[in-house]
1. Rank-order 75-87, 96-108, 46-58 by packing density, defined as the average count of other C-beta atoms within 10 Å over each peptide's residues, highest first.
2. Between Lys9 and Asp58, with labels modelled 7 Å along Cα→Cβ, what's the label distance in nm to one decimal, could you check?
3. I need two numbers for the range 35-167: Rg to one decimal and Dmax as a whole number, Cα atoms only, in Å.
4. Evaluated at 25 °C with a viscosity of 0.890 mPa s, what Stokes-Einstein diffusion coefficient in µm²/s does the range 80-126 have when Rh comes from the Kirkwood expression over alpha-carbon pairs?
5. Of all beta bridges DSSP finds with both residues in the chain, what is the antiparallel percent, to the nearest 5?
6. I'd like the FRET efficiency for Asp148 and Glu127, computed as 1/(1 + (r/R0)^6) with the beta carbon distance as r and R0 of 41 Å, rounded to 0.05.
7. So what is the calculated 222 nm ellipticity per residue for the chain, using -39500 (n - 2.57) for each DSSP H run with n of 4 or more, over all residues, to the nearest 500 deg cm²/dmol?
8. What number does the range 1-98 give for Rg over Rh if you use C-alpha atoms and the Kirkwood radius?
Amino acid sequence: MNLSDDQIKAVNKTATNSSRFVDQAVIPKLVEEMANTDWRILDYGSGPKALHVHRLRDLGFNVVAHDFGNNVTTEHDPKALTRTYDLVYASSVINVQISHEMLRSTLVEISTLLDPGGVFLFNLPKEPQKIDFDIQDLILTLSEIFGDDIDYKKRNSSWIFTVTKGT
Ligand SMILES: C[S@@+](CC[C@H](N)C(=O)[O-])C[C@H]1O[C@@H](n2cnc3c(N)ncnc32)[C@H](O)[C@@H]1O
C-alpha cells in the first residue's frame, strides 16, 4: 500500500485503548458467532493492544493481529500479511480511512489476504467517519474487489458488512 507517513499517522491516532469500547464492540461478538475454532482469523487494524485478539484467543479462536505505522507493537504478527485467512475482520477500521484512495487500497489488501470463499467482516459506524461514505458506492467497490456475495445490515447506528470472497 502506497501511503505517506502523515496519512498513516492520521489513521493511527484513531485507536483507543479503552476497554469500554472493546467490551461494546460488535464485530468480535459476530466473529464468535460465525467462526469455527479451526479457522485462521486476522484482526486487521487491531490497535496497539490488540484487545479483541486476546479475548477471542481466550475463547479458543486462532487469531493474529495486524496494524501499521506507530500502532505496531509486540502484539502484532510481522508475518500477518504473508498468509491467507478464512476470516479477516476489521473493527472500526474502514470508517477511519482518510481518503477514497486509501479506502480502496485497504480493501484490495484485505482481499489478497482471504482464501476464495473466505469472509471479510467489518462495521461502518456513523461516527467517526473521515470521508463521506455512500453505501451504494461502497457496495459497488466491494463487489469489484471481492465479488457479489455481500450481506449488509444496519445494527443500531452502524452498518455491518459480511463479504464473502468469490472463487
Ligand atoms: C479506530 S482504531 C480500531 C482499533 C480496534 N480494531 C478496535 O476495534 O478497537 C483503527 C485502527 O485501524 C488501523 N488501520 C486503519 N487502516 C489500516 C490499514 N490500512 N492497515 C493497517 N491498519 C490500519 C489504525 O492504525 C488503528 O489502529
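Rule-based calculations on the coordinates, nothing more; no lab input. Remember, predicted model here, so these are calculated numbers, not experimental data. Counting neighbours? That spans all protein chains shown, and the Cβs are built from the backbone with ideal geometry, glycine included.
1. Details: 75-87: 15.7, 96-108: 17.4, 46-58: 19.8.
Ranking, from highest mean packing down: 46-58, 96-108, 75-87.
2. Inter-label distance under the simple model: 3.5 nm.
3. Both quantities, over Cα of the range 35-167: 14.1, 38 Å.
4. On the way: Rh = 11.2 Å.
It comes out at roughly 219 µm²/s.
5. Working: 14 of 27 bridges.
The antiparallel proportion sits near 50 percent.
6. 0.90
7. On the way: 6 runs with 56 residues, N = 167.
Rounded to the nearest 500, the figure is -9500 deg cm²/dmol.
8. Working: Rg = 13.1 Å, Rh = 13.8 Å.
Rounded to two decimals, Rg/Rh equals 0.95.
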